[in-house]
Amino acid sequence: MHREIIVDQEIQGILDEIRELYQQNSRIALYKLINNTHPAVMSDVFRHLTETERKDIFLYIQRMKGMKYFLPELDDNIIEELFESQSPRDSAKLLHDMPAEDIVDILDLLPESLSHDIQAYLDHEEREEVKEIFQYPEESAGRIMSTQFVAFPENLTIKEVISRFQEIDEDADAPYYIYIINDQNKMVGVLSLRQILLYPQKTVLSSVMRRDYIAVSPETDQEEVAGIVSQYNYLAVPVIGSDGELVGVVTVEDVLDIIREEATEDILKMAGAGDDREILHRSVFENVRARFPWLLASWLGGIVVLTVIGAFGSLLEKTVILAGFIPIILGMGGNVGTQTTTIIVRGIATDRINLNEVSRVILKEIRVGMLLGIVYGVFLGLLAFYMYPGFSSPMRLGIVVGLSIFCAMTIASTIGSILPIVLHKLNIDPAIATGPFVTTSVDMMGVLTYFSIASLLLHI
């Protein structure tokens, strides 16, 4: 927490200083400040500038060192804004010397025609690497892998490997492991840097390398890659093509970005706010367009609930007291449903749930909902009994209210546990099960159950 406060103060201080120098038109001082600021910090500062400030100040940033660290950290909408205001030739210059996977991430955000125009101005080597990565599916290992990695022939000795390390490009990714290849450039083994330093220098790689390694294909989904890194505590995972050739590596840094992005998407979906990670920086119209469909489900559900209540209008006219308990019953049911769905969705996302034994998980959550329903049903039933002693039958009122909240919480836990699993089986993101969908369905079932029990037991 203390570190976060320091970072926020640092960013605010630099932001204020940049704005002051910008307004004073102190060009030399502004350039020096920008050039002396770490690119990652500068990207945080940059997002807080106005569109006009960004356009002018970016002219100074273009000349600073570390553009390849600055651009990938920017928000998607800011990247679109910057590149759509540049010529394709100037855009290609900005992308020069950046890792191919980062170039692809940026080009993927731009209109297809602009992306093609920019690629035409890239260096031949960069263009070929970008073209290769673009052939892989979106959100796959091929899209996030680095093509700059360390690999040595299996017939080298430890001494030769150490000597060659001095010639390695400083941009090479993941020097945590030494990937070992044969004459056909196919991966045959792996060694960690620590092992390299421990073996005698005359040792040949093929005699000590590990042949039982975990690898993924370029088509492997990025979430699956993240799961492998998390499960085996790897710092990097090799990416092997269909012919066995080593084509890239996915590092733990890439995986952290994936986890952050996927978690953000899930949170937004669970809140019914769409799935756009950059929604905070979108325009008012874009925010409305993204959130409207999700709220439509709640609105339609509300109409259904209103219709159900209307159908029991005569019951409410005779016993107005029943209306006072509606918010409590619906609120408790909705909370249990959201809790259950969140637990199930998170369990699916982290592979904590064995989908071959879903019945056990569902039954457990239903039992939890039933037990909570019994506890709160007794509390609310007693409250109704003592609050309305003048009611024609306070005992029956207490039973109606208590039984209704028990049923509502049991139904909510049932829907909340089954719906995400069904959606997952249908290859639909289960995160959308929370928020509007669970809450709306629980409200409908809760109201219907409440009035049905009241009609049955109160004989009205």
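In table form, for the structure just shown:
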{"item": "Translational diffusion coefficient (Stokes-Einstein; Kirkwood radius from C-alpha pairs) of segment 2-138 at 4 °C, 1.567 mPa s, in µm²/s", "result": "82 µm²/s"}
{"item": "Cα point-scatterer Debye curve for segment 306-417, base-10 log of I(q)/I(0) at q = 0.20, 0.24 Å⁻¹", "result": "-0.99, -1.23"}
{"item": "For the chain, calculated [θ]222 nm from helices alone, where every DSSP H run of n ≥ 4 adds -39500 (n - 2.57)", "result": "-20500 deg cm²/dmol"}
{"item": "Cβ-based exposure ranking for 53, 365, in which fewest neighbours within 10 Å come first", "result": "53, 365"}
{"item": "Cα-based Kirkwood hydrodynamic radius, the chain, one decimal, Å", "result": "26.8 Å"}
{"item": "Approximate spin-label separation residue 311-residue 124, in nm, with each point projected 7 Å along Cα-to-Cβ", "result": "7.4 nm"}
{"item": "Net length gained if the chain between residue 24 and residue 371 were fully extended (0.36 nm per residue, minus Cα distance)", "result": "118.2 nm"}
{"item": "At least 20 Å along the helix axis (C-alpha) and Kyte average at least 0.0, DSSP helices within the chain", "result": "284-311, 326-349, 358-387, 394-425, 436-458"}
{"item": "Relative contact order (%) - criterion: Cα under 8 Å, at least six apart; region: segment 2-138", "result": "19 percent"}
{"item": "Mean separation of Cα contacts under 8 Å, 6 or more apart, over the residue count of the chain: relative contact order %", "result": "11 percent"}
{"item": "Debye log10 I(q)/I(0) at q = 0.11, 0.17, 0.21 Å⁻¹ for segment 151-251, Cα point scatterers", "result": "-0.33, -0.77, -1.14"}
{"item": "Qualifying trypsin sites (Lys or Arg not before Pro) for segment 52-128 [loop in DSSP, other Cβ within 10 Å: at most 13]", "result": "63, 65"}
{"item": "Proxy reagent accessibility, fewest Cβ within 10 Å first, across 117, 90", "result": "90, 117"}
{"item": "Likely footprinting exposure, 124, 96, fewest C-beta neighbours within 10 Å first", "result": "124, 96"}
{"item": "Sparse-neighbourhood loop sites, GluC sites (Glu not before Pro) in segment 131-225 - DSSP loop, at most 11 other Cβ within 10 angstrom", "result": "138, 167, 170"}
{"item": "Over 27 Å between alpha carbons, listed pairs 68/159; 364/425; 93/131; 32/93; 32/55; 131/425", "result": "68/159; 131/425"}
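Computed from the coordinates by the stated procedures, all read-outs in this text should not be read as laboratory data. Only a predicted model underlies this, so the values are computations on that prediction, with no experimental measurement involved. As a convention, Cβ positions derive from the backbone with ideal geometry for all residues, glycine included, and neighbour counts pool all protein chains shown.
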